[in-house]
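The values are calculated or read from the model by the stated rules, or taken from the named source; none is laboratory data. Note that this is a predicted model, so its numbers are computed, not measured. Every residue, glycine among them, receives a Cβ derived from its backbone with ideal geometry; neighbour counts consider all protein chains shown.
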Amino acid sequence: MRSAERTGPGDRRSVADERGAALVEFAIVSSFLLILVFGVFETGMAWSDSQLVTQAARSGARSVSQLGIDAEADSFAVQSIEAALGDLSGDLTRIVIYDASATDGSMSAACASASPPGVAGQCSIYDQTDFGTYASWVDGAWPPSGRDNSLENGDHLGVLVEVDRPFITGFLGGASFTMTDTTVMKIEPAAGS
């Protein structure tokens with residue numbers, strides 16, 4: 001019991017050592033907590049943005065599907081994609097409107113690796129040079145006039161939206177990552193087809 005009552009120079013050092021150890025422990029724990037918070041924030045924002053990309057692909061496909069062979073179908077599709085993306089539209093890198101009449105609705109390998117304007121009769125590819133130029137719009141290699149909107153044999157089309165999304169915090173490394181989504185719909189038949 002007497003040792004508990006002692007107060008000497010050695011006891012002050014143990015209090016200072018405990019404070020130093022607590023500071024080191026706090027630094028370690030707070031760094032893990034900071035990593036966790038930034039990771040959760042970045043993941044949550046990426047998930048939210050992926051939902052925007054999905055909605056944009058659906059919006060573009062719906063627009064092209066409804067307009068069918070109308071000369072302005074692709075222009076309206078690109079505009080609806082940009083509107084659906086909102087603030088993320090500045091990171092939009094590529095839109096592919098392709099013939100998805102294959103059994104599984106997939107894009108041809110030629111279209112997957114093609115550059116604008118696309119592959120004749122298979123796909124139209126639009127990139128950043130096309131966005132915002134609606135007054136002087138030029139259709140891609142698979143224009144609306146080349147699509148079939150008949151009731152029985154109408155084309156299915158796919159719309160692929162590609163966004164190069166930057167990391168918000170920059171904490172996870174890298175400058176950005178690519179998000180893509182695809183939607184396939186049947187071109188709605190023209191009246192009387």
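Please work out if D127 is closer than 30 Å to G44 by Cβ and out of contact with any Cys (no Cβ under 8 Å at 6 or more places or on another chain).
yes
In the list S124, S176, S115, S89, which residue meets the criterion of being under 17 Å from T54 (Cα atoms) and under 21 Å from the mean Cα position of the chain (by Cα)?
S89
Looking at T169, T178 in this structure, which one is farther than 21 Å from Q122 by Cβ, at pLDDT below 85 and of a type in the set (S, T, Y)?
T169
Of all residues in the stretch 56-91, count the ones that are of a type in the set (A, V, I, L, M), surrounded by fewer than 21 Cβ atoms within 10 Å (Cβ to Cβ) and closer than 21 Å to G146 by Cβ.
Here the count works out to 3.
Taking the stretch 155-193 on its own, how many of its residues are farther than 15 Å from S63 by Cα, in a loop (DSSP other than H, G, I, E, B), of a type outside the set (S, T, N, Q) and touching a residue at least 60 places away in the same chain (Cβ under 8 Å)?
Going through the stretch 155-193 one residue at a time, the tally reaches 4.
Report yes if A56 is closer than 20 Å to A77 by Cβ and either touching a residue at least 40 places away in the same chain (Cβ under 8 Å) or not in a helix (DSSP H, G or I) (or both), otherwise no.
yes
As an exercise: evaluate D87 against (1) free of Cβ contacts under 8 Å to residues at least 60 places away in the same chain; (2) part of a helix (DSSP H, G or I); (3) closer than 17 Å to T183 by Cβ and give the number of the one condition it does not meet.
(3)
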